[in-house]
1. Taking segment 19-35 on its own, how many of its residues are more than 8 Å from the ligand (Cβ to nearest atom) and either assigned to a strand (DSSP E or B) or touching a strand residue (DSSP E or B) at 6+ places or on another chain (Cβ under 8 Å) (or both)?
2. Name the one entry in T63, T34 that is at pLDDT 85 or above, at negative phi and among the hydroxyl-bearing types (S, T, Y).
3. So, in segment 273-305, how many residues would count as being at pLDDT below 90, surrounded by fewer than 10 Cβ atoms within 10 Å (Cβ to Cβ) and not hydrophobic (A, V, I, L, M, F, W, C)?
4. Given the criteria over 23 Å from D271 (Cα atoms), out of contact with any Cys (no Cβ under 8 Å at 6 or more places or on another chain) and surrounded by fewer than 24 Cβ atoms within 10 Å (Cβ to Cβ), does G130 qualify?
5. Can you pull out every residue in segment 100-114 that is free of Cβ contacts under 8 Å to residues at least 40 places away in the same chain and in contact with a Leu (Cβ under 8 Å, 6 or more places away or on another chain)?
Amino acid sequence: MDGSQPPMLRVSPLNRCPICGHGDWCMVAPNGKTAICPRTAEGAVKDLGEAGYLHVVHPDHVTPHPAPRNEPQNTVKVDFQHLSDIRRERAEPRLHDLARTLGVSVDALRCLKVGYNDYDQTFTFPERDGQGNIIGILLRYPTGPKKRIRGSKSGLSYADAWDDGTGPVFAVEGPSDTAALMTLGLNAIGRPSNRGGYSHLADLLSDFPEDRNIVVLGDCDRKEDGSWPGKQGAIQTASEVSKRLERTVYWALPPDGVKDARAWLNEHGGDNPTSMRDCFLEGLQLHAITPPPVIRSFVPFQEPISLGSYRAEMLRRRLFSLDRPGIYLDRSMTGSGKSAIDYRVVLNLFGRTEEVA
Ligand SMILES: [Zn+2]
């Protein structure tokens, strides 16, 4: 396409996109010879970034009929895996520049499948779910808020070989910090924000060996008003993952009071960053978060239930037993909350139902 051509026209239900057949989102040239379809990467001659994919429409092309949609009008299906592959190729000649800017290794960026978008000249970072699928693409602008390609879901940044090795795995904030820890020779997973991504994280870590620690690393970003999003997010994330995996999860802040892992690497990494790995590990103060107790039934094939639901059931049965002849037998184990339930039953008799701390 050159600048002398008239502008493209938005498709409509009466003049559908020749590529995907939909009546919205896409653009088509007035002569019908080219189209920009954000839904279809396959067969495109050019990737126009967020605008979509430029297609040349052959004269014998037949407009497809899209399947009736059961989805909300504004969702766009994007093949992020494919898009990420295209972007990666374009990033390759520029990876050294980005590595120098961030102070991380080229190899780490390559393993994180960093891409480049010619259209708006930004580096892109794919985000994945706990199964390894690419579910979105994060755009890295030098300044300003985080942006994702339209249709993206936020996810985790990690390498295919994220769990290679024997040491702990760190769940840090964002892909740059992930690259920084990988540069130190550590296993790392990037979270999309201070408290996001924990269900993907629990999913990814579900088979992580018990003898290797999981450490959620928060940013040291205490605000003037006393709030501390990095620390609060790390504690919340560690608690959620601990609960879901029923195992101990640690949280920590970066060593030496620096803001994040990348700042530490830039300050202490030197020419041989992997030799500094143990220094980083020794500087960490780990805080353990243990999962809430789960009471397991001895009856086979019965699902374990949480202490909270066990207590709710105990209260329900206890209240039901009041004023009824017979013996109420409670064989709950120590610590399951019998006396707390007694107290709640008494409160209940007086018509009060407030929670007991
Ligand atoms: Zn289309």
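The values are calculated or read from the model by the stated rules, or taken from the named source; none is laboratory data. None of the values given here were measured: they were computed from a predicted structure. Note that each Cβ is placed from the backbone with ideal geometry, even for glycine, and that neighbours are counted across all protein chains shown.
1. Count: 8.
2. Details: T63 fails: at pLDDT 85 or above.
When all the criteria are applied, what remains is T34.
3. Residues flagged as at pLDDT below 90, surrounded by fewer than 10 Cβ atoms within 10 Å (Cβ to Cβ) and not hydrophobic (A, V, I, L, M, F, W, C) within segment 273-305 amount to 3.
4. On the way: over 23 Å from D271 (Cα atoms): yes; out of contact with any Cys (no Cβ under 8 Å at 6 or more places or on another chain): yes; surrounded by fewer than 24 Cβ atoms within 10 Å (Cβ to Cβ): yes.
Taking the combined requirement at face value, the residue satisfies it.
5. Scanning segment 100-114 gives V106, R110.
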